[in-house]
Amino acid sequence: MSDSPSKPRDATVQDVAREAGVSKATAARVLGGYSVTSPAVRDKVMTAARILDYRPNEVARSMTTGRSRAIGVVVADVENPYFGLAVRGISDVARAEGFDVILANSGEDVERERDAIRMLLGKRVDGLIVTPASMHDTEHLCAVEASGRPIVLLDRYIPSMSVDTVVADDRAAGAAVARRLTEAGHRRISYVSATACDDPVYRGPHQLHLSTVRDRIEGFLEAAAQAGGEGCERYVRLGVNRLGGAPRIVAELMALPDRPTALIASDNVVALELFKALRALGIAIPRDLSLIAFHDADWTGVTTPSITVIAQPCYELGSESAAALVRRARGDTTAGQRIILQTRLIERESVIPPPR
């Protein structure tokens, strides 16, 4: 016979009902949040649940109600602070609305994205928030839409889908960066992106599989051309995050006969890699080369020089996505909408007129 104390039994719905002095059915309705009761009855049940430290059996509840009170989230890169802030926005709204969040990372890989969505649907989540890894390879996302399960796209849109989508105005942001640099006198401007591509030299929009990348580059190129940019298409480079990408791309750009006088980094991770590569080559920012980055990461404000950036509404992208999904999970059947949030340019020390 064991001398160890027996494990305390978890409180049940019946225990809560007995403590509150209501029927088991009433307690279940209050605890499940799927029926309306009087405020007095609800207070009695919730007080009893706190006294007894009642914890619902989520698996049993989801099997009974068809709802898990959980949101599945698939982001492109959990290590990128951009998505970290977006996830915080999602979590804050979800928690306030009584939902848990289950997070998965695709690593910008469509197959991993498929696996993550399959896993989350297996956990009976009430809906999905996804940062799509491609705007072309989307059958699995379209299947979720067709099934009627709520799905919201975060940060990137898919032209063939009509679901709620929350994005920044990336085309306008790309144009704003081009205008800032051309107003400073730059005409040879390079745009460097992390987007995966076998050919690092930009040949046209057919190489781009993310809406954010396409919109920023097209906005940049259009505005640069209008301001007298000198064939900036030839200075666009892709795939900088591949092994050795930043030093190789920077060295290649700086070796051009008419080398660029300014760089645009597609995100804060790319910007940091470019910053390190330029420093290793002895190229001074902004004396030798101006630099602008997308996303106001913490480090961009404390380096020497501090980096001029496009501040993106990362937290709001997440919070708006979560709010949209909660509405859908609660029965909203109106047509999907694209919510476009504005960005802003933060002027710092990394942009000056080009060297003579």
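The values are calculated or read from the model by the stated rules, or taken from the named source; none is laboratory data. Since this is a predicted model, take the numbers as computed values, not measurements. Neighbour counts are summed over all protein chains in view; Cβ atoms, including those assigned to glycine, are modelled from backbone coordinates with ideal geometry.
A few remarks follow.
- Condition met for residue 93 (touching a Leu at 6+ places or on another chain (Cβ under 8 Å), buried (at least 18 other Cβ atoms within 10 Å of the Cβ), touching a residue at least 40 places away in the same chain (Cβ under 8 Å) and not assigned by TED's automatic domain parsing to the domain that holds residue 207): no
- Boolean, residue 112 is surrounded by fewer than 15 Cβ atoms within 10 Å (Cβ to Cβ) and more than 23 Å from residue 294 (Cβ to Cβ): no
- Annotation note: Cβ proximity below 9 Å between a residue of segment 264-288 that is on the phi > 0 side of the Ramachandran plot and a residue that is part of a loop (DSSP other than H, G, I, E, B) and surrounded by fewer than 23 Cβ atoms within 10 Å (Cβ to Cβ) (sequence gap 6+ or interchain) occurs for 282/288.
- Among the residues examined, residue 141 does not qualify as part of a helix (DSSP H, G or I) and either out of contact with any Pro (no Cβ under 8 Å at 6 or more places or on another chain) or free of Cβ contacts under 8 Å to residues at least 24 places away in the same chain (or both).
- The listed residues are 122, 148, 107, 98, and the only one of them that is surrounded by fewer than 19 Cβ atoms within 10 Å (Cβ to Cβ) and touching a Lys or Arg at 6+ places or on another chain (Cβ under 7 Å) turns out to be 98.
- Hits in segment 179-218 (condition: under 16 Å from residue 267 (Cα atoms), touching a Lys or Arg at 6+ places or on another chain (Cβ under 8 Å), touching a residue at least 60 places away in the same chain (Cβ under 8 Å) and not hydroxyl-bearing (Ser, Thr, Tyr)): 192, 196, 210, 216
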